[in-house]
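The values are calculated or read from the model by the stated rules, or taken from the named source; none is laboratory data. Here the structure is a predicted model, which means the values were calculated and not measured. Neighbour counts run over all protein chains shown; Cβ positions are idealised from the backbone, glycine included.
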Amino acid sequence: MDFGKLACSGGTPVLMEPIRDGWHQITDLEKQAVMDLMDHGVLSVSKGGIVGEFEEECAQFIGTRFGLACCNGTSTLHSAYVAVGVGPGTEVIVPAYTWHATVTPILHCSATPVFAEIDPATLCLDPADVERRITERTRAITVVQVWGNVPDMDRFRDLADRHGLALIEDASHAHGATWQGKRIGSFGDIGCFSMQGGKAVSGGELGMVVTDSAELFDRMLLLGHFGRIDEGQAGPTFPGIGDMSLGAKYRAHPYAIAVARCGLSRLAELNRLRTRNYAILNDVLRGVKGIQTVDPIPGAERAGYLEFKFLVQPELLGGTRDEFAQACQAENAPVNVDRYSDLNFTYGLLHLAPLYNGFDRGDMGGCFHDPERPELRNGLGYKQGDLPVTEDICSRMIGTPAFADVPEDTVERVGLAMRKVAHHMNQGKK
Ligand SMILES: Cc1ncc(COP(=O)(O)O)c(C=O)c1O
């Protein structure tokens, strides 16, 4: 194949113009659904109605007994940690490579996050490293199916069971994904889903938590859902408590639910398109010197995505990931350095984030450090080099948007642009 001169050196770009991915989250369906609620004067629903219907639809979709709609994904995680007994003196094992909301609710429980390594094959927690970090304080493990990637969920379930720990899934990126044919979100004691604006199923600001356990469901209700405790599953768990809650108000907005229900009805098609497009890109890039694809492991069916990920191998490629990304952008291919490890976008990896290193959390009111471990209130003591595998992977990660509404040949051209840049770098020409 003749790759021609790089666009950044005056050559013709592989793509004539930047790509706009036009998957529509708001269609006439969403507008009508919200209008219907407005026409009926619905502004807030404490239980039943559209809330109850959506909870049932989600539980059925994931394959669990219960679903509980919450106002966002962060509140689903807080609810899950509280429900499984994460509190002072306890630890939760989490990846350092995730959105910070997987971890910050652990601080709201006055507990301590413990960061474990991720696996380069899945970009998700490495079960062997998780097992090494289990102590008598460990109460839970939180697996994040980051960017829709699915690790061996049976291994995590087994690990949690053997050590008597709770398994929590932060499946915010993996709507509709499966492991061995079973939906992600159904392996944990509790599965948490953000349905914020960027997610595959979105209500703008919304969350859904699923579980098979009536008791865990009730404990989550008690934390954040005033007005529901008295009835339904909660009755037998907390007799005589009335319908008060512990005061966090995590109720979802009915308009957000109306929008998300429409998204749920289109999820299968969105996942089909994204899966096809990722496969096209991976096929074009497989075997390219210096670019590693991240393919699903056997038994895993990816979905949701948010972004597609690749790993650069700088010595083989002949350049850095930043040089590679910039040269691809000049070809009009939307290749970026990974967002979660980009210091311009976030704190970078969480074990090195200022919030966990140096910031005095004990200075805050509330419950942001463990009173049993005052020595940790200024930081958890991590430093560069403490998670060598995670740090290495994330320093080499690049991403593209998770295309949905662009033609197949445009996706292929993104892959060809990446190949062109890699070819030039392999030859020592940047
Ligand atoms: C992996 C992950 N967990 C949790 C959250 C928090 O969700 P929310 O923004 O809905 O509170 C997000 C949001 O981006 C996320 O990506």
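Being under 14 Å from residue 93 (Cβ atoms) and either of a type in the set (Phe, Trp, Tyr) or not in a strand (DSSP E or B) (or both) is the filter here; which residues of region 142-154 pass it? Give the steps one after another, and end with the answer.
From region 142-154, those under 14 Å from residue 93 (Cβ atoms) are 142-144, 151; that's our starting set.
Scanning region 142-154 gives a single hit, 151.
Search region 128-164 for residues being away from the ligand (no atom under 16 Å from the Cβ) and β-branched (Val, Ile, Thr), and hand back the single one that is surrounded by the fewest Cβ atoms within 10 Å (Cβ to Cβ).
It comes out as 135.
Taking region 5-20 as the search range and keeping residues that are assigned to a loop (DSSP other than H, G, I, E, B) and surrounded by 15 or more Cβ atoms within 10 Å (Cβ to Cβ), which one is modelled with the lowest pLDDT?
We begin by selecting, within region 5-20, every residue assigned to a loop (DSSP other than H, G, I, E, B); these are 5-6, 10-20.
Add one more test, that the residue is surrounded by 15 or more Cβ atoms within 10 Å (Cβ to Cβ), and what stays is 6, 11, 13-15, 19.
Details: 6: 96, 11: 96, 13: 96, 14: 96, 15: 96, 19: 90.
Checking each candidate, the answer is 19.
Could you list all residues from region 27-75 that are within 17 Å of residue 250 (Cα to Cα) and within 16 Å of the ligand (Cβ to nearest atom)?
Across region 27-75, the qualifying residues are 54, 67, 68, 69, 70, 71, 72, 73, 74, 75.
Check 307, 412, 391, 331 and return the single one that is in contact with a Gly (Cβ under 6 Å, 6 or more places away or on another chain) and surrounded by 15 or more Cβ atoms within 10 Å (Cβ to Cβ).
Working: 412 fails: in contact with a Gly (Cβ under 6 Å, 6 or more places away or on another chain); 391 fails: in contact with a Gly (Cβ under 6 Å, 6 or more places away or on another chain); 331 fails: in contact with a Gly (Cβ under 6 Å, 6 or more places away or on another chain).
That would be 307, the only listed residue that is in contact with a Gly (Cβ under 6 Å, 6 or more places away or on another chain) and surrounded by 15 or more Cβ atoms within 10 Å (Cβ to Cβ).
Just to verify a result, which residue in region 165-207, among those that are over 13 Å from the mean Cα position of the chain (by Cα) and in a strand (DSSP E or B), is surrounded by the most Cβ atoms within 10 Å (Cβ to Cβ)?
Out of the qualifying residues, it is 190.
In region 208-223, how many are within 22 Å of the chain's Cα centre (by Cα), part of a helix (DSSP H, G or I) and within 16 Å of the ligand (Cβ to nearest atom)?
1
Considering only region 120-141, how many residues are free of Cβ contacts under 8 Å to residues at least 60 places away in the same chain and either part of a loop (DSSP other than H, G, I, E, B) or under 14 Å from residue 172 (Cβ atoms) (or both)?
Residues in region 120-141 being free of Cβ contacts under 8 Å to residues at least 60 places away in the same chain and either part of a loop (DSSP other than H, G, I, E, B) or under 14 Å from residue 172 (Cβ atoms) (or both): 6 in total.
Being of a type outside the set (Val, Ile, Thr) and either within 16 Å of the ligand (Cβ to nearest atom) or within 30 Å of residue 396 (Cα to Cα) (or both): is that true of residue 83 here? Break it down into steps so the answer makes sense when it comes.
On the way: of a type outside the set (Val, Ile, Thr): yes; either within 16 Å of the ligand (Cβ to nearest atom) or within 30 Å of residue 396 (Cα to Cα) (or both): no.
So residue 83 does not fit the description; no.
Tell me which residues, restricted to region 97-116, are in contact with a Phe, Trp or Tyr (Cβ under 9 Å, 6 or more places away or on another chain), within 22 Å of residue 147 (Cβ to Cβ) and more than 13 Å from the ligand (Cβ to nearest atom).
Listed by number, the residues that qualify are 113, 115.
In this structure, does residue 272 turn out to be surrounded by fewer than 20 Cβ atoms within 10 Å (Cβ to Cβ) and free of Cβ contacts under 8 Å to residues at least 24 places away in the same chain? Steps first, answer last, please.
Numbers: surrounded by fewer than 20 Cβ atoms within 10 Å (Cβ to Cβ): yes; free of Cβ contacts under 8 Å to residues at least 24 places away in the same chain: yes.
In short, yes.
Would you mind finding the one in 321, 339, 286, 373 that is surrounded by fewer than 18 Cβ atoms within 10 Å (Cβ to Cβ) and either small (Gly, Ala, Ser) or touching a strand residue (DSSP E or B) at 6+ places or on another chain (Cβ under 6 Å) (or both)? Don't jump to the end; show me each part of the working.
Values: 321 fails: surrounded by fewer than 18 Cβ atoms within 10 Å (Cβ to Cβ); 339 fails: either small (Gly, Ala, Ser) or touching a strand residue (DSSP E or B) at 6+ places or on another chain (Cβ under 6 Å) (or both); 373 fails: either small (Gly, Ala, Ser) or touching a strand residue (DSSP E or B) at 6+ places or on another chain (Cβ under 6 Å) (or both).
One residue alone meets the criteria, 286.
Scan region 280-317 for residues that are touching a His at 6+ places or on another chain (Cβ under 9 Å) and either free of Cβ contacts under 8 Å to residues at least 40 places away in the same chain or more than 14 Å from residue 419 (Cβ to Cβ) (or both) and jot them down. Break it down stepwise before answering.
Here is the first cut: in region 280-317, the ones touching a His at 6+ places or on another chain (Cβ under 9 Å) are 288-289, 303-307.
The answer is 303, 304, 305, 306, 307.
Test residue 78 against the criterion of being crowded, with 22+ Cβ neighbours inside 10 Å and either acidic (Asp, Glu) or more than 18 Å from residue 199 (Cα to Cα) (or both), and give yes or no.
Values: crowded, with 22+ Cβ neighbours inside 10 Å: yes; either acidic (Asp, Glu) or more than 18 Å from residue 199 (Cα to Cα) (or both): yes.
Yes: the conditions hold for residue 78.
Tell me, yes or no, whether region 82-105 has at least one residue that is in contact with a Gly (Cβ under 8 Å, 6 or more places away or on another chain), surrounded by 16 or more Cβ atoms within 10 Å (Cβ to Cβ) and at pLDDT 95 or above. Can you show your working first?
Kept after step one, since they are in contact with a Gly (Cβ under 8 Å, 6 or more places away or on another chain), are these residues of region 82-105: 101.
Within this subset, residues satisfying the condition of being surrounded by 16 or more Cβ atoms within 10 Å (Cβ to Cβ) are 101.
Remaining after also requiring at pLDDT 95 or above: 101.
Within region 82-105, one or more residues are in contact with a Gly (Cβ under 8 Å, 6 or more places away or on another chain), surrounded by 16 or more Cβ atoms within 10 Å (Cβ to Cβ) and at pLDDT 95 or above.
Go through 302, 321 for me and flag whichever is within 16 Å of the ligand (Cβ to nearest atom) and either within 14 Å of residue 393 (Cβ to Cβ) or at pLDDT 95 or above (or both). It would help to see each step written out before you state the result.
Values: 321 fails: within 16 Å of the ligand (Cβ to nearest atom).
After ruling out the rest, the residue left standing is 302.
Do we find that residue 316 is under 30 Å from residue 92 (Cα atoms), more than 16 Å from the ligand (Cβ to nearest atom), at pLDDT 95 or above and aliphatic (A, V, I, L, M) in this structure?
no
Exactly one condition in (1) under 13 Å from residue 96 (Cα atoms); (2) under 23 Å from the mean Cα position of the chain (by Cα); (3) not β-branched (Val, Ile, Thr) is false for residue 383; which is it?
(2)
Answer with yes or no whether residue 160 is closer than 16 Å to residue 209 by Cα and modelled with pLDDT of 95 or more. Full working, then the answer.
Values: closer than 16 Å to residue 209 by Cα: no; modelled with pLDDT of 95 or more: yes.
For residue 160, the condition - closer than 16 Å to residue 209 by Cα and modelled with pLDDT of 95 or more - is not met.
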